[in-house]
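Asker: Mind looking over this structure? Questions follow.
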Amino acid sequence: MALALVTGAARGIGRATAARLVSAGYEVIVADLDGAAAETTASEIGAKAAQVDVADEASVAAVAAGISDLAVLVNNAGMYLPGKLADVTTEHFHKVFDVNVLGPLLMTRHLADALAANGGGAVVNVASMSAFMPVPGTGVYSMAKAAVASYTEAAALEYAPRGIRVNAVAPGRISTEMTADRQGDPAREARTNALIPLGRSGLAEDVAEAICALATGAAYVTGQVLRVDGGLTINTVPLLQAAQSGGI
Ligand SMILES: NC(=O)c1ccc[n+]([C@@H]2O[C@H](COP(=O)([O-])OP(=O)(O)OC[C@H]3O[C@@H](n4cnc5c(N)ncnc54)[C@H](O)[C@@H]3O)[C@@H](O)[C@H]2O)c1
């Protein structure tokens, strides 16, 4: 059975992706900073669990040491810290960049031999719509996700000779625990959903579907960043009008 590893898979988009890969017939490792939550999720969806801090090279190396043949790596673990750029400290910068940017780089580097083992596997990174459309008040998160998009292209070029494809998804507004605090107000929700061409926020499963398509069904696609946002980031004229009228 081919092996897949998903980081940040204890909950949210990562969990949905791991569950979908299990359904597709993969043996899946649910890897997360929260080892207990990873165990729970893994037992619920029929996967294995691993504790990992993607921002800590020793931790990444320890997980990678046990894997010699890997078909799919999903670099999903991510986090954001709120704040204005004017208030961002060096510590804030490193926390966000270490998880979102250094994490995918370390995971891919330490698992590259395993990904190349059977003629080449696939990596899918999780960027964000904020890579293209910075969200005020989210500190350096937009910068970090732009770096993930750029890293995806650079890694695709570097790893192509080893048969490893590297792509990314850029989710839009997705309902998960990460965004729960920003999605509580029904009136605001309705205004936002009206700006999404497909008329609703996304589900973790919507993103999981796109990740799995890139990982398992796109043999001639590499270095691409697929927007999974219901059309939100191309809906620029209504977004501008809403901003002008104070609607967002
Ligand atoms: N939810 C959204 O609207 C949205 C939009 C765009 C992009 N994203 C991105 O999608 C990914 C998943 O988001 P989500 O909403 O499911 O988040 P979430 O907060 O619900 O889940 C993130 C998971 O990552 C784990 N994690 C955090 N730091 C880690 C680390 N250092 N090492 C290993 N695991 C770690 C957490 O324990 C958690 O289980 C993230 O990269 C996020 O930036 C989310």
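Bear in mind that the values in this text are calculations on the coordinates, not laboratory data. Small disclaimer: the values here were computed from a predicted structure and weren't measured. Glycine also receives a Cβ, built like all others from the backbone with ideal geometry; neighbour counts cover every protein chain displayed.
Asker: Amide H of residue 228 versus every other amide H placed in the peptide plane: which residues, excluding those fewer than 5 positions away on the same chain, fall under 5 Å?
Answerer: Placed amide hydrogens put 170, 172 under 5 Å from residue 228.
Asker: For the range 1-109, restrict the atom set to alpha-carbon positions and state the Rg and Dmax in Å.
Answerer: Every Cα atom of the range 1-109 included, Rg and Dmax give 14.4, 50 Å.
Asker: Continuing with the same structure: When Rg is the radius of gyration of the Cα atoms in the range 201-248 and Rh is its Kirkwood radius, what does Rg/Rh come to?
Answerer: Rg/Rh for the range 201-248 comes to 1.16.
Asker: Over all distinct alpha-carbon pairs, what is the Kirkwood Rh of the chain in angstrom?
Answerer: On the way: mean 1/r = 0.0547 Å⁻¹.
Radius from the Kirkwood sum: 18.3 Å.
Asker: Mean separation of Cα pairs under 8 Å and 6+ residues apart, divided by the residue count of the chain: what relative contact order is that in percent? Write down the numbers at each step before the final one.
Answerer: Working: 510 pairs, mean separation 45.8, N = 248.
Relative contact order comes out at 18 percent.
Asker: Gain in length, residue 91 to residue 235, computed as 0.36 nm per residue apart minus the alpha-carbon separation, to one decimal in nm?
Answerer: On the way: separation 144, 0.36 × 144 = 51.84 nm, distance 3.50 nm.
Net length gain for the segment: 48.3 nm.
Asker: A further question on this structure: Could you tell me whether the range 89-182 comes out rounded, prolate or oblate from its Cα gyration tensor? Rule is a ≥ b ≥ c as square roots of the eigenvalues, rounded for a/c under 1.5, then prolate if a/b exceeds b/c, otherwise oblate. Numbers along the way, then the final one.
Answerer: Details: a/c = 2.32, a/b = 1.90, b/c = 1.22.
Prolate, because a/c is 1.5 or more and a/b exceeds b/c.
Asker: Mean residue ellipticity at 222 nm from the helices of the chain, using -39,500 (n - 2.57) per DSSP H segment of n ≥ 4 over the full residue count, to the nearest 500 deg cm²/dmol? Please report the intermediate quantities before stating the final value.
Answerer: Numbers: 9 runs with 104 residues, N = 248.
Helices in the chain give a 222 nm mean residue ellipticity of -13000 deg cm²/dmol.
Asker: Order by neighbour count: 84, 145, 95, fewest other Cβ atoms within 10 Å first, most last.
Answerer: Values: 84 10, 145 30, 95 17.
Ranking 84, 145, 95 by Cβ neighbours within 10 Å, fewest first, gives 84, 95, 145.
Asker: Rg to Rh for the range 154-248: what is it, with Cα atoms only and Rh by Kirkwood? Provide the component values of the computation, followed by the final result.
Answerer: Values: Rg = 16.4 Å, Rh = 15.1 Å.
Ratio of gyration radius to Kirkwood radius: 1.09.
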